[in-house]
Structure formats: C-alpha cells, structure tokens
1. List pairs: first residue in the range 58-83 and farther than 17 Å from Leu117 by Cα and among the basic types (Lys, Arg), second residue modelled with pLDDT of 85 or more and not in a helix (DSSP H, G or I) anywhere in the structure, Cβ distance under 6 angstrom, at least six positions apart or on different chains.
2. Would you check if there is a residue in the range 47-62 being part of a helix (DSSP H, G or I), open to solvent by less than 30 Å² (accessible area, probe 1.4 Å) and touching a Lys or Arg at 6+ places or on another chain (Cβ under 8 Å)?
3. In the range 280-319, how many residues are open to solvent by less than 40 Å² (accessible area, probe 1.4 Å), over 21 Å from the mean Cα position of the chain (by Cα) and more than 16 Å from Leu367 (Cβ to Cβ)?
4. If Ala87 satisfies every condition in (1) modelled with pLDDT under 90; (2) of a type in the set (Gly, Ala, Ser); (3) assigned to a helix (DSSP H, G or I) but one, which is the exception?
5. Return a yes/no flag: does the range 20-40 have any residue that is of a type in the set (Gly, Ala, Ser), open to solvent by 20 Å² or more (accessible area, probe 1.4 Å) and over 29 Å from the mean Cα position of the chain (by Cα).
6. Mind counting the residues in the range 212-244 that are over 25 Å from Ala74 (Cβ atoms) and open to solvent by less than 20 Å² (accessible area, probe 1.4 Å)?
7. If I filter the range 320-335 down to residues being free of Cβ contacts under 8 Å to residues at least 40 places away in the same chain, touching a helix residue (DSSP H, G or I) at 6+ places or on another chain (Cβ under 8 Å) and not polar (S, T, N, Q), which single residue comes out as surrounded by the most Cβ atoms within 10 Å (Cβ to Cβ)?
8. Would you mind telling me which numbered condition in (1) hydroxyl-bearing (Ser, Thr, Tyr); (2) touching a strand residue (DSSP E or B) at 6+ places or on another chain (Cβ under 9 Å); (3) modelled with pLDDT under 50 Ser419 fails?
Amino acid sequence: MARGELGEALRIFEDAALTEAGDIRVCAMVNAAAVTDQLGDHALAAERYREALAQMGTDAPRMRPAALINLSQALQLLGDLDGAQDALEQARELLSGDGAPVELRYACLVSLTAVALHRQQWARSIEIASESLDAATGFAPEQVGHSLMNLAAAHFETGRWELAEDFAGQALAAFAAAGDGDGIAETRQNIAVMFTRAGRFDEAEPLLATAQDYFETSGHSHRAGIGWKVMGLIAERRDQPYAAEVHYRRALERFEESGVIVDAADVRTRLATVAFNAGRYAEGEAELATARTIYAEHGLGLLCAQVDYWHAGLVEPLLEANPALLPQAVDLAVPAALALDAVRYELPDGAQRETWNRRMADPAMRLAFRYSYLAGDVDLLADLIETACAGTTLDIDRLAGQPTRLPLDTLDPLEPLPSNPGPLNDALQLGNALAAVAARAGLPVALPPRVAVAPDGRIALDVWITAAEQRYGRALRDSRVVRA
C-alpha cells in the first residue's frame, strides 16, 4: 500500500478479512475499505467501513474514530455531507476525552474543514483549518500540509489569492519534506486549479500534467477525473470546444465510475455550457437539470442557486430569436440573485464580502434587473430598486461579542455606536454609503430586513423571497421589517 501497489494491497487485506478473526479481521476490513476508497469506488468503501464499524467493539479507542473519519471522507466524495458530518461528530465525541490519540483529533479537524469547504462555509473552514494547523505544528509537523492546503482553498474562495498561493506553496513544501507522494501530487493539482481559475493557464499546465501522470499511474480515478476537468476548463477558455468536451467526457466517466456524483454534477454544468455554445440547447438543458437535481438531493442549495444563475446567463443570447424564453429567464435569475446576494451577509470579513459581491452577487443582481426590464415588469423592477436601496444592518450582538480593531480612517464616517440602540436592539440600520464603509471595515452585518413599501405596506419581493427560500433551503432575509 505504501508503494502505491493498491490492487495487490486490496487483495491481501480482503484475504485477511476472510481468513482471520477478531481485531485482526476488523482491522483488515478497515484497511480494505481504505484501499477501495483510494481506488475510487467510494460507494463500496463506505459500505465496507459501515460493515467494519458494525463488527467493531465499542472499546476500540483508535480504530472506531479512525474508521468514522475515513467513512466521512468517502461520504464527502459521494456528496452525502450530512452523513459525513454525523460520522465526524461521532468521532469527535469519542476523541474528546483525556488521552485520546492526538493524531486522530487532527485528522478529525482536517475532515471537518473539508466538510465546511464543501458546504461553502468559508469562515468556519478558515477557523477549523487554523485550529488544525496549530495542532499539527505541535505534534505532527509531517502532516501540516493538509491544514495549509485547506487554508489556501478557503482564502482563494474568498478572494485572498496571494495569501492562498502562499499557503499552497507552504503545503507543497511540507509534503515534499515529509516524502508524501500523494500529498505532493494533490497539492500540485490544487495549485493548478487555482491558477486555472485565475486565468494563469501556462503556469497551471506543467503542474497539472505532472500530477495527472501520478494519478493515472497510481489508479486514483477521482483525482484523475479532476485533472481531466481542469484540462477541459483550459481548453474551453482557449476557445477549443471539441477538446474541452472530450476532456469533460473523460472526467464525467471517471467521476461516475468512482461514485463521486457531486463532482460529476459540476462537470455536467460545463458540458451544458459547451452544448449551449454549440447550439445544442436541449442537450444543455438536460445536463443542467441533472446537475441541479443532484445538488438539490444533497442539500446543496447554494450550488442550486449558482446553477440557476448560470442557466439564466446561458439563455440570454437566445432571447432575441426566442422571446418566449424570457419568463423562464426571469424565474431563474431573480431567486438566484436574491440567494447569492444574501451570502455576503454571512461572511465575517469585509474583503470576503467585497469579493463575493464583485464575483457573484452583483453580476447576478444585474442580470435580474436586466431581465425584469426586458420583461417590462415594472412592479418587480420597483421592488428590486427598493430592496437595493434599503441599506445594511450592523449585527450588534456579534459586534459586542468580538472586539474589532479598525484603522482610524475607516471610523471617520461612522457615528459612535449607541450603548443602547433602543427599539433596534438587535441591529443598527445603515444607509448605503455607510453600509459600504461597514463592509470594507469588516463589521459584522445581519441578513437584510424585509422592506415594506407604500402605500399599503406590502413587503417588496415577498413572493420571490419566499420562493427562493423554499427553492434553496436557506434564509435570505431577517425577520425585521423596515419602511422604504
């Protein structure tokens, strides 16, 4: 197994699981599950982990939490984030006592970070990754690369690209120092993904090729699928649609073979884009519908919103020739924009909010405005305007609970916060100008309020907000109501 001879390792473990008894048999079952997972059959690996856990004694202080952590990793790759979280919480409980193996506590923290990254909980992922980095530095420096790469991923997703690149470089050096071949290849691939998303294709390709050779040779089908997907992205960006589709099809095949259906859904959105650009609209619609169904089934509401926004954008070039598509475009764009706009209020850092707004929320809201205008829906346009002008609210409870140090120049435009906000005891309403200052400063802000508009006090976008919250399973508005 250490030499990468996974097929032979699996044969030996399976033989031991059949011929041995007691703890040795259960240990062989766990190891067989681990190799199965590395070979890419994550569904079978999860089944084998559960079988081993069922036959494992409750007094297995190392084996049980280790198996639960490994089970969570297989479930993450299958898109079962709830199951993965449950397994990790069980492991964390078993590891909470004195004398618990510290290396397993670290592995549990790394896996908890991964779940937070999958759920796009950027603040939580940075917090847990930082905790795991502190832990690894103290007792397992050879494993510190995992924490560093998780920090790189979280910071990249929130727009701190230079910091992300620095953490990724440190991760690569840490894996190289530890002689961890898998870690080196995975980090090279991860850096290639970051470079690709930043448009630095010439820098990405050498790292990608080296990692791909390693994964193809060692039989890591999931990681090989990621490599094919990134190659497809590069080809698509270089306006090579045929090559892009070939690479995406290979990636989809690898992901589906491995049972990594969430990754497969992501590739389907790329295949949909290629199909739309080639005029194969029905095929593109089918790919998007399949991807969205997978995300919805796994409780990934934010990814559903992103797919709807992407779908709405793909429809735009078709509207002139087929105006009958406009109602569908509005129905896709408006709820998605509301959901994506609400995400920035959950982020704790001003730079993260600004980046999310620039990359996702603002383009989505602009598309919603444009479609509302094209549809001639005056009421919807008015409600969008009223909502956009409502401003932002400071979250006083969070502000009081975490002292915030700010550069003096950011404080100048702000009035001192009242010690007793009176009727607004949970938040302080800011106008748009001050809201921008608060966002840059990183002050904690609450979800936007519901806006009552004259003359009858109806709630702006009420139907749309309700539909979006039901569609994506996320709260998009605070319970407070303010007047326009």
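The values are calculated or read from the model by the stated rules, or taken from the named source; none is laboratory data. Values in this document were obtained by computation on a predicted structure and should not be read as measured data. Quick reminder, even Gly has a Cβ in these numbers, built from the backbone with ideal geometry, and neighbours come from all protein chains shown. Ligands, DNA and RNA are excluded from the accessible area calculation, which covers all protein heavy atoms including side chains. Shrake-Rupley method; radii C 1.70, N 1.55, O 1.52, S 1.80 Å.
1. Arg62/Pro101; Arg64/Met56
2. Start the filter on the range 47-62 by keeping residues that are part of a helix (DSSP H, G or I), which leaves 47-54.
Add one more test, that the residue is open to solvent by less than 30 Å² (accessible area, probe 1.4 Å), and what stays is 49, 52-53.
Then drop every residue that is not touching a Lys or Arg at 6+ places or on another chain (Cβ under 8 Å), which leaves 53.
Yes, because at least one residue in the range 47-62 is part of a helix (DSSP H, G or I), open to solvent by less than 30 Å² (accessible area, probe 1.4 Å) and touching a Lys or Arg at 6+ places or on another chain (Cβ under 8 Å).
3. So the count comes out to 1.
4. (1)
5. yes
6. Summing the residues that are over 25 Å from Ala74 (Cβ atoms) and open to solvent by less than 20 Å² (accessible area, probe 1.4 Å) in the range 212-244 gives 4.
7. Within the range 320-335, the first condition is being free of Cβ contacts under 8 Å to residues at least 40 places away in the same chain, and the residues that meet it are 320-325, 328, 331-333.
Applying the additional criterion that residues be touching a helix residue (DSSP H, G or I) at 6+ places or on another chain (Cβ under 8 Å) yields 325, 328, 332-333.
Retained after the next criterion (residues that are not polar (S, T, N, Q)): 325, 332-333.
Working: Leu325: 14, Leu332: 24, Ala333: 26.
Checking each candidate, the answer is Ala333.
8. Status for Ser419: all satisfied but (2).
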